1. Given (1) at pLDDT 95 or above; (2) assigned to a loop (DSSP other than H, G, I, E, B); (3) closer than 18 Å to K69 by Cβ, identify the lone condition not met by R7.
2. Kindly indicate the residue of the range 42-71 that is of a type in the set (S, T, Y) and touching a residue at least 12 places away in the same chain (Cβ under 8 Å) and also nearest to E10 (Cα to Cα) among those meeting that condition.
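The values are calculated or read from the model by the stated rules, or taken from the named source; none is laboratory data. These numbers were taken from a predicted model, which means no experiment stands behind them. With ideal geometry, Cβ positions are generated from the backbone for all residues, glycine too; neighbour counts draw on all protein chains shown.
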Amino acid sequence: MIYTVKRIDEDVDYGCEERSEDVPVMAVVTLTNSLGEELVVKAEDAKLYECNINEGDKVSIDANNKLEKSY
């Protein structure tokens, strides 16, 4: 299924502890499908930059539950 990236926010919910250095910085990504339904997923912030995924882009979710940019 193809989704549109509606919003990308920094994931700041680490409970009462800080993010440890060995844990990657995560982003909370809000997606919408063609029916307007929303799906919220977490993704590594660095991977979003690496794949050049931005708000408004079309993406799909691969077999490993990672976001892939769709063209």
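1. Tallying (1) at pLDDT 95 or above; (2) assigned to a loop (DSSP other than H, G, I, E, B); (3) closer than 18 Å to K69 by Cβ, R7 fails exactly one: (2).
2. Per the stated criteria, the residue is S60.
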